[in-house]
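Everything on this sheet refers to the single structure shown next.
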Amino acid sequence: MLDEVDRAVIHALHIDGRAPFSRIADVCGVSTQTVARRYRRLRTETGLRVVGVLDRDTGPGTHWTVRLTCTPAATQALAHSLAARPDTSWVKLTSGGTEIFAIVHVPDGAGGGEGAGAPHAMLLHDVPRRAGITAVSAHCLLHTYLGGPTAWRGITRALSPGQQERLRPPASGAADPRPLTAADHALLDVLRHDGRAAHTDLAAATGWSQATAARRLAGLRASGTLFFDVEVDSALLGGTAQTLIWMSVEPGRLDEVATALAGHDELAVVAATTGPTNLLAQALCDGPADLHRYLTRELGALDGVRALETAPVLRTLKRAGAVRASRPGRSAGRGA
């Protein structure tokens, strides 16, 4: 179980994933050694990790949600193949293990609208062809209302507003909107594995000096292109029932409904998409009864939602960061 100090450390890392332990300790009223010790234990026992992520709305390329319906015998192997790919994130087994959900990043210039088949082709490229795949659908993510640099509120309840303000990352440089280069991608690859990687590691990966690596990192953060996410077992914070929700919302009320949903404590993600349903959400509730209450009393009370489909998440194989070679403990992402 997590105590108040554990929750405070997690909340602090959500505010600034690269905050020094000394600053976190000062804000939380404990020693630097205590913060370092708790961080190491949380990494080992809960899968806690800080990862650097390109923002879906401001970063380059487009993102697509993909659903693969499979026979039970094919699902596990295919899901692991997808999780190992560098262009996927939030790979989840849903619907009792008969469906895979993933987000696929399509670089600028990869081409194709929804009907052109490009996301399908990119997704299945290098993935062994399997007779067990029975259906594939892909829809473009248009706008994120909740998710990305925001978070499920189960993570952000430990610190007071004053403590949160003290942890806000300082303005450490001007925004740097230059297009990403090969060296930038090398820097981002390091941060996808460990968002707290030292400047020496970033310099070694990019061939830059430590000062250049630090400046470029600060510029990417200041421009909103890069943010730092926290991966931790949401069940330890009360989110034991993780569910994906697809909604069909009246187009004229989409922004109103999505904005309202973004204020719901139970949700970690709210995003507009193309396709027969136009709004995607991820709910983290305290068990099936709590999910039922949320669907019927809160979500169901919103005007404009014409239909919805739910898919319980059985397992999360990959979140925002790169897949670890060895993953200690249980882990489920804060949002999808």
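The values are calculated or read from the model by the stated rules, or taken from the named source; none is laboratory data. Remember, it's a predicted structure, so these values are computed and weren't measured experimentally. In this analysis, Cβ positions are derived from the backbone assuming ideal geometry, glycine residues included, and neighbour counts consider all displayed protein chains. Areas reflect the complete protein model, heavy atoms only, side chains present, ligands, DNA and RNA absent. Shrake-Rupley method; radii C 1.70, N 1.55, O 1.52, S 1.80 Å.
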- Message: Exactly one condition in (1) of a type in the set (A, V, I, L, M, F, W, C); (2) open to solvent by less than 30 Å² (accessible area, probe 1.4 Å); (3) farther than 30 Å from R178 by Cβ is false for A235; which is it?
- Response: (2)
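Across region 179-207, what is the number of residues that are in contact with a Phe, Trp or Tyr (Cβ under 7 Å, 6 or more places away or on another chain) and of a type in the set (S, T, Y)?
Taking region 179-207 first, the residues in contact with a Phe, Trp or Tyr (Cβ under 7 Å, 6 or more places away or on another chain) are 183, 195.
Restricting the remaining residues to those that are of a type in the set (S, T, Y) gives none.
Summing the residues that are in contact with a Phe, Trp or Tyr (Cβ under 7 Å, 6 or more places away or on another chain) and of a type in the set (S, T, Y) in region 179-207 gives 0.
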- Message: Of everything in region 28-81, what is small (G, A, S) and without any contact (Cβ under 8 Å) to a residue 24 or more places away in the chain? Give them in sequence order.
- Response: G29, S31, A36
- Message: Checking V27 against (1) closer than 22 Å to L220 by Cα; (2) open to solvent by less than 30 Å² (accessible area, probe 1.4 Å), only one condition comes out false. Which one?
- Response: (1)
- Query: Among the residues of region 175-202 satisfying the criterion of being of a type in the set (G, A, S) and crowded, with 18+ Cβ neighbours inside 10 Å, which is farthest from A320 (Cα to Cα)?
  - Reply: A197
- Query: Just checking, how many residues over region 12-38 are in a helix (DSSP H, G or I) and not aliphatic (A, V, I, L, M)?
  - Reply: 11
- For R41, are the conditions met, namely being under 23 Å from the mean Cα position of the chain (by Cα), in a helix (DSSP H, G or I) and surrounded by fewer than 18 Cβ atoms within 10 Å (Cβ to Cβ)? yes
- Task: State the number of residues belonging to region 1-24 that are over 22 Å from the mean Cα position of the chain (by Cα) and crowded, with 19+ Cβ neighbours inside 10 Å.
- Result: 2
- Task: Would you mind finding the one in T71, T65, T75 that is crowded, with 22+ Cβ neighbours inside 10 Å and out of contact with any helix residue (DSSP H, G or I) (no Cβ under 7 Å at 6 or more places or on another chain)?
- Result: T65
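R56 - would you say it is under 22 Å from D194 (Cα atoms), in contact with a Gly (Cβ under 9 Å, 6 or more places away or on another chain) and open to solvent by 30 Å² or more (accessible area, probe 1.4 Å)? Can you show your working first?
On the way: under 22 Å from D194 (Cα atoms): yes; in contact with a Gly (Cβ under 9 Å, 6 or more places away or on another chain): yes; open to solvent by 30 Å² or more (accessible area, probe 1.4 Å): yes.
It is true that R56 is under 22 Å from D194 (Cα atoms), in contact with a Gly (Cβ under 9 Å, 6 or more places away or on another chain) and open to solvent by 30 Å² or more (accessible area, probe 1.4 Å).
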- Query: Are any of the residues in region 187-202 of a type in the set (S, T, N, Q) and assigned to a loop (DSSP other than H, G, I, E, B)?
  - Reply: no
- Quickly run through region 274-312 and pick out the residues that are among the hydrophobic types (A, V, I, L, M, F, W, C), assigned to a strand (DSSP E or B) and open to solvent by less than 10 Å² (accessible area, probe 1.4 Å). L279, L280, A281, A283, L284, C285, A311
- Test: T259 is among the hydroxyl-bearing types (S, T, Y) and in a helix (DSSP H, G or I): yes
- Message: For the list (1) under 24 Å from the mean Cα position of the chain (by Cα); (2) farther than 30 Å from A241 by Cβ; (3) open to solvent by 70 Å² or more (accessible area, probe 1.4 Å); (4) in contact (Cβ under 8 Å) with a residue 60 or more places away in the chain, I need the number of the one condition that R157 fails.
- Response: (2)
- Message: Under 7 Å between Cβ atoms, which residue pairs at least 6 apart in sequence (or on different chains) link something in region 167-192 that is on the phi > 0 side of the Ramachandran plot with a partner that is part of a helix (DSSP H, G or I)?
- Response: G173/R215; G173/A218; G173/G219; G173/A222
- Task: Would you be able to say whether some residue in region 70-84 is over 18 Å from the mean Cα position of the chain (by Cα), under 18 Å from A135 (Cβ atoms) and part of a strand (DSSP E or B)?
- Result: yes
- Out of A336, A320, A271, sole residue that is under 19 Å from the mean Cα position of the chain (by Cα), in a strand (DSSP E or B) and either at pLDDT below 95 or at negative phi (or both): A271
- Message: Looking at region 230-246 only, could you name the residues that are closer than 18 Å to L314 by Cβ and assigned to a loop (DSSP other than H, G, I, E, B)?
- Response: D233, G239, T240
